[in-house]
Amino acid sequence: MAEAMSQNRKAAFSLARHSTGIIASVLFLAPIVWTVLSTFKPAQEARQPPLPPWPTTGFSIENYETLNSFGDGLWVSAQNSIYVSVMTVLLSVLVSVLAGYGFSRFRFPFRDFFFILILSTIMIPFQSILTPIFLVLTKLGLHNTLTGLVCVYVTLQLPFSIFMMRNAFDAVPREIEEAARMDGANNVTMLVKVMLPLVWPGVVTIALFAFLGAWNEFLAALVLMTDQSKFTLPVMMTALQSGRFGAIDWGAVQAGVTVMMVPCLILFLALQRFYIRGLMAGAVK
Amino acid sequence: MASITTTSAPARARTRTGVSRRQWVGLLYVLPAVAFVTVFFVIPLGMTAWMSLNNWPLMGEHSFIGLDNYVAILRDTRFWNALRFTFYYTVIVTIAIFAVAFPLAIFIEKPRPLTNLYRTAFFMPAVVGFASASLLWSWLLNVDSGLFSPAAYDLGLTEKKVNLLATFQPAFWSIIAMVVWKVAGFTMIILMTGLQSIPQDLQEAAVIDGAGPFARFRAITLPLMRRTLALALILSVAGSILAFDQFYIILRGGPRNQTLTAVYWIFNQSFVSFKLGYGAALSMVLLVILVALSLIQLWLLRKPEGLD
């Protein structure tokens, strides 16, 4: 009798838990799913309220095609975004792996000073130094160039990624290094052949954060890129949504938002544990 | 991210010059990072301070004017309004985020069937950028082509289609809803790490002692989560004070400039009116607020005494 009661209670608890979970999941996923489904409506239908969200007058990729007809076209902005994000990933990984190794394994003058200097930049909002960054880029001849934007994004990534890499190198036992040194490895081969495979998870984590950061950043790109051919996706899509290219084509906006969201979602789903690891490192330390 | 600890370097007994020669190489490894931070952060930071003391138009010569920009800030009622709105938004959105994220964190804390799936679903909006999320919601909130107004009208909840973005209250709460949707999953994960770090036997001992769920939450969960709570709180507060994307993209600061945030006002002064010196002075004010916040964070996140 009591057994049956507790069985029933368990089932009721489980039912309540899963209905809560499913309802909450639907609420969080609905806006994303709604948008992605709506993009496949013909342009005419996409102008109407999305009820229901899926296409009712036939499947179409018209919204994606029209995207290319605004300004310099979506494809140019997408290329800019890809270039900026990939370069930010490569450069910030290179710089932070070197720095992480240096901070972890060597004792040199001003080591602690430099480490604290780099980490403390996280306390200062980059929004407050955008104007001088604009002037510095102009001085360097990087004004209105994607390379200039990459430099800014790399700098913004450094405190987090150097902290991550320093910890990753710290976790590698010194015996491994000593053994390799006995075998005659110099610093560079040591780093590339011996250490890098051991800190690989950290590298994936900082690469993921660098990509998401650069791909999604809006304010710096809005301020620093003045030429339409240099717009990244967020800036381009905001120009389109503001009616800069005539009447707002909401079908095209949805298509653009989908193009912006999907790479992030795929990368996150594929590399989820690296993402969570990065969050944990930030949260626990 | 918060505490800065430097571990001891390899201080091995070797010949003195050999060691220091080898150790100096470390400087070469960190040099690129130091160069980036110097050129694109430290120098601009110094320039902000210097520019704030100048009348600095985009074109033409700049001139030193001392503290005049700061005096002007005192009289700039629109800046103070923006700052007041920013704080108001920060308080409301932080409460809203925690009200959603804390129950979710408790919901996904223990490994049970499908928990990982739910956790992933709740977290998905967090990896979408703020600009994408804002563009998405600006469509959902649109009166003619969007979702909410037409749906409410079709269901007979409203007599006509209501433009949610036309007046302050609905526009403001729409932004809150969007930000909670986007950020709650992130805060949830941080709070979850705090919950999971609480030793299970403490909770069990409290159950044996007859403590109810509420008493346990108050006496065990909250105190032991102090550092995690502080971290989640500060991240939320700092992020909200710097809010820009959603107000620019969805509302353009409207209706009637009521949703201009601090960063938005600085952006307007610097890059629309091109008063670079004045923008720099405003930036210094913002910077001081954020640094103060970071110092509070370091204090809140300090390791409890006697524990490592």
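The values are calculated or read from the model by the stated rules, or taken from the named source; none is laboratory data. As the structure is a prediction and not an experimental result, all values here were calculated from the model. Note: ideal-geometry Cβ built from the backbone for every residue, glycine included; neighbour counts use all protein chains shown.
Computed quantities for the displayed model
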| quantity | calculated |
| --- | --- |
| Test: residue in the stretch A:234-242 that is at pLDDT below 90, more than 7 Å from chain B (Cβ to nearest Cβ), more than 24 Å from the chain's Cα centre (by Cα) and surrounded by 20 or more Cβ atoms within 10 Å (Cβ to Cβ) | no |
| Total residues in the stretch A:158-212, condition among the polar types (S, T, N, Q), farther than 30 Å from residue B:132 by Cβ and crowded, with 16+ Cβ neighbours inside 10 Å | 2 |
| Residues satisfying the stated conditions in the stretch B:216-258, i.e. away from chain A (no Cβ under 11 Å), aromatic (Phe, Trp, Tyr) and over 30 Å from residue B:204 (Cβ atoms) | B:247 |
| Candidates A:214, A:185 - the one that is at pLDDT 90 or above and either in a loop (DSSP other than H, G, I, E, B) or assigned by TED's automatic domain parsing to the domain that holds residue A:160 (or both) | A:214 |
| Only listed residue being in contact (Cβ under 8 Å) with a residue 60 or more places away in the chain and more than 30 Å from residue A:245 (Cα to Cα), chosen from A:92, A:85 | A:92 |
| Neighbours by Cβ (under 9 Å, 6+ apart or cross-chain): first from the stretch A:132-159, facing chain B (nearest Cβ under 10 Å); second assigned to a loop (DSSP other than H, G, I, E, B) and among the hydroxyl-bearing types (Ser, Thr, Tyr) | A:137/A:145 |
| When residues of the stretch B:28-42 are limited to those that are surrounded by fewer than 22 Cβ atoms within 10 Å (Cβ to Cβ) and within 7 Å of another protein chain (Cβ to nearest Cβ), the one nearest to residue A:115 (Cα to Cα) | B:34 |
| Spans of helices (runs of 4 or more DSSP H) in the stretch B:172-266 with at least 1 residues without any contact (Cβ under 8 Å) to a residue 24 or more places away in the chain and basic (Lys, Arg) | B:213-216 |
| Complete set of residues in the stretch A:44-62 that are in contact with a Pro (Cβ under 8 Å, 6 or more places away or on another chain) and either among the acidic types (Asp, Glu) or surrounded by 18 or more Cβ atoms within 10 Å (Cβ to Cβ) (or both) | A:45, A:49, A:60, A:62 |
| Residue within the stretch A:91-99 that is on the phi < 0 side of the Ramachandran plot and more than 20 Å from the chain's Cα centre (by Cα) present | yes |
| Of the criteria (1) at the interface with chain A (Cβ under 7 Å from one of its Cβ atoms); (2) touching a residue at least 24 places away in the same chain (Cβ under 8 Å), which one residue B:300 fails | (1) |
| Filter result (more than 7 Å from chain A (Cβ to nearest Cβ) and touching a helix residue (DSSP H, G or I) at 6+ places or on another chain (Cβ under 7 Å)) within the stretch B:143-154 | B:143, B:148 |
| Unique match (being out of contact with any Pro (no Cβ under 9 Å at 6 or more places or on another chain) and either at positive phi or not assigned by TED's automatic domain parsing to the domain that holds residue B:172 (or both)) among B:253, B:279, B:239, B:212 | B:253 |
| Options A:252, A:270; residue that is among the aliphatic types (A, V, I, L, M), more than 16 Å from residue B:188 (Cα to Cα) and under 17 Å from the mean Cα position of the chain (by Cα) | A:270 |
| Residue B:79 vs. criteria farther than 16 Å from residue B:240 by Cα and touching a helix residue (DSSP H, G or I) at 6+ places or on another chain (Cβ under 7 Å) | yes |
| Single unsatisfied condition, residue A:259 versus (1) at the interface with chain B (Cβ under 10 Å from one of its Cβ atoms); (2) closer than 20 Å to residue A:70 by Cα; (3) buried (at least 21 other Cβ atoms within 10 Å of the Cβ); (4) touching a residue at least 40 places away in the same chain (Cβ under 8 Å) | (3) |
| Index of the failed condition, residue A:177 passing every other in (1) acidic (Asp, Glu); (2) more than 10 Å from chain B (Cβ to nearest Cβ); (3) farther than 30 Å from residue A:75 by Cβ; (4) touching a residue at least 24 places away in the same chain (Cβ under 8 Å) | (2) |
| Matching residues in the stretch B:95-147 - criterion: being under 25 Å from residue B:250 (Cα atoms), in a helix (DSSP H, G or I) and free of Cβ contacts under 8 Å to residues at least 60 places away in the same chain | B:95, B:99, B:121, B:127, B:132, B:136, B:139, B:140 |
| Matching residues in the stretch A:269-285 - criterion: being in contact (Cβ under 8 Å) with a residue 40 or more places away in the chain and within 7 Å of chain B (Cβ to nearest Cβ) | A:282, A:285 |
| Where residue B:179 falls short, out of the listed (1) within 30 Å of residue B:119 (Cβ to Cβ); (2) at pLDDT below 95 | (2) |
